[in-house]
Amino acid sequence: MPKIAEIEPTPNPNAMKFILKEPLTWGIARSYDTAGEAKDDPLATALFAIEHVTNVFYVDHWVTVTQDGGADWQELMRKLAVPIREAPAADEHSAQLAAEATTAASLEDLSEHDRERLERINQILDEQVRPYLQYDGGDLHILGLEGNRLMVHYQGACGSCPSSISGTLAGIENLVRQIEPDIEVVAV
């Protein structure tokens, strides 16, 4: 059962980041926008059962919960802490197997050329974008690459943050254009 080490605000005023002493996953992000999406995830289901919760995102040593703006954060954080503390810690071996399966499936439909392009794009995102998004309680997931169109999905606090669709998206597109000059980055 993970213990909460710290709770931090995010740039999104409706999202809070819980930093844990033990990991919930090993590099596998869990992101849910509705209780229905979370039905097979006990932690996310328990968090969505708390009034005002609109998004749950977690990976490794942290959980970001977004609310609808109608709750007092102090009261809501006390309620959220209970299921977070009760969640089981990660099993490293099973997480590694799941990560390998996910990576293989997502690259399967791409040509060799597009796989190489996507690997370069992911590398630059891993080095220069994701650490900052994760620090702020969110992340960025690539949904697909079709020609010169890169589809991305913001997760956690970034999913409903006003700056993610405007400034952050333009910054990501400018960064990726350093290696792919004609690319268009679209948030989905």
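Every number in this text was worked out from the coordinates using simple rules, so none of it is lab data. Computed from a prediction, not measured in an experiment: that's the story for all the values here. Here the Cβ positions follow ideal geometry from the backbone for every residue, glycine too, while neighbour counts run over all protein chains shown.
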Next on the checklist: Rounded to the nearest 5, what % of DSSP beta bridges with both residues in the chain are antiparallel?
Outcome noted: 85
Next on the checklist: Defining a contact as two alpha carbons under 8 Å apart and six or more residues distant in sequence, what relative contact order in percent does the chain show?
Outcome noted: 22
Item to check | Mean residue ellipticity (222 nm) of the chain, computed from DSSP H runs ≥ 4 via -39,500 (n - 2.57), nearest 500 | outcome: -11500 deg cm²/dmol
Item to check | Nearest-ten-degree value, helix 73-86 long axis tilted from longest Cα axis of the chain | outcome: 80
Checklist entry - What's the extension gain from A5 to V82 if we count 0.36 nm per residue and subtract their Cα-Cα distance? => result 26.3 nm
Checklist outcome for this item: the chain, Gaussian network, Cα under 10 Å: of V82, V176, V129, the residue fluctuating most is V82
Checklist entry - Shape call for the chain from the C-alpha gyration tensor, a ≥ b ≥ c root eigenvalues: rounded (a/c under 1.5), prolate (a/b greater than b/c) or oblate? => result prolate
Item to check | Crossing angle, helix 112-128 versus the chain [Cα axis fit, 0-90 degrees, rounded to tens] | outcome: 50
Next on the checklist: I need the Kirkwood Rh of the range 104-187: take the reciprocal of the average 1/r across all distinct C-alpha pairs and report it in angstrom.
Outcome noted: 13.0
Item to check | Sorted by Cβ neighbour density within 10 Å, fewest at the top, the residues K3, K17, K39 | outcome: K3, K39, K17
Checklist entry - For the range 4-93, with the dipole built from +1 on Lys and Arg beta-carbon atoms and -1 on Asp and Glu ones, taken about the Cα centre, which of I7, A89, S31 lies farthest toward the positive end? => result I7
Checklist entry - How far is helix 92-108 tilted off the main Cα axis of the chain, in degrees rounded to 10, range 0 to 90? => result 40
Checklist outcome for this item: Among GluC sites (Glu not before Pro) in the range 1-81, those in a DSSP loop whose Cβ has at most 16 other Cβ atoms within 10 Å are E37, E51
Checklist entry - What is the spin-label model distance, in nm, from E75 to E146 if the labels are put 7 Å beyond Cα along the C-beta direction? => result 4.5
Item to check | All Cα pairs of the range 4-93, percent lying beyond 15 Å | outcome: 54
